[in-house]
Amino acid sequence: MSLDDIRQKINEIDAALLPLFLDRLDCAREVAAYKKAHQLPILNRDREEAILADMADRAGRDQAAVRAFYEGLFAISRQLQEDLLGEDPSC
Ligand SMILES: C=C(O[C@@H]1C=C(C(=O)O)C=C[C@H]1O)C(=O)O
């Protein structure tokens, strides 16, 4: 495969990822509304650890990369919720 071919494949993967990422952000907005209504903290470490363990199990040789990817997603998700709720993330 040429470099251009590989980059084309990356472009296609990115195009497929974006709507899923945006959907995940919309879910975080819905979670924020639920947490506000039920006075729940933004951070749920047990939930994040369960997702990480599940994804790491499926990641084969890329466990560290998958962990870093999900930690980034969680940080973005929590920041979005903080922006919406104006809460201390450590609560
Ligand atoms: C989305 C949530 O809020 C936070 C972000 C999470 C995520 O991005 O998956 C998971 C747990 C929480 O720390 C949630 O509680 O489900």
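Hey, any hits in segment 67-75 for a residue that's more than 13 Å from the ligand (Cβ to nearest atom) and of a type in the set (D, E, K, R)?
Yes: one or more hits.
For residues in segment 24-47 being of a type outside the set (A, V, I, L, M) and open to solvent by less than 90 Å² (accessible area, probe 1.4 Å), which is nearest to the ligand (Cβ to nearest atom)?
For segment 24-47, the residue satisfying everything is Asn44.
The values are calculated or read from the model by the stated rules, or taken from the named source; none is laboratory data. Fair warning: this is a prediction, and the values are worked out from it, not measured in the lab. When we count neighbours, we look across all protein chains shown, and the Cβ atoms used for this are built from the backbone with ideal geometry, even at glycine. Surface areas here come from the heavy atoms of the whole protein model, side chains and all, with no ligands, DNA or RNA. Shrake-Rupley method; radii C 1.70, N 1.55, O 1.52, S 1.80 Å.
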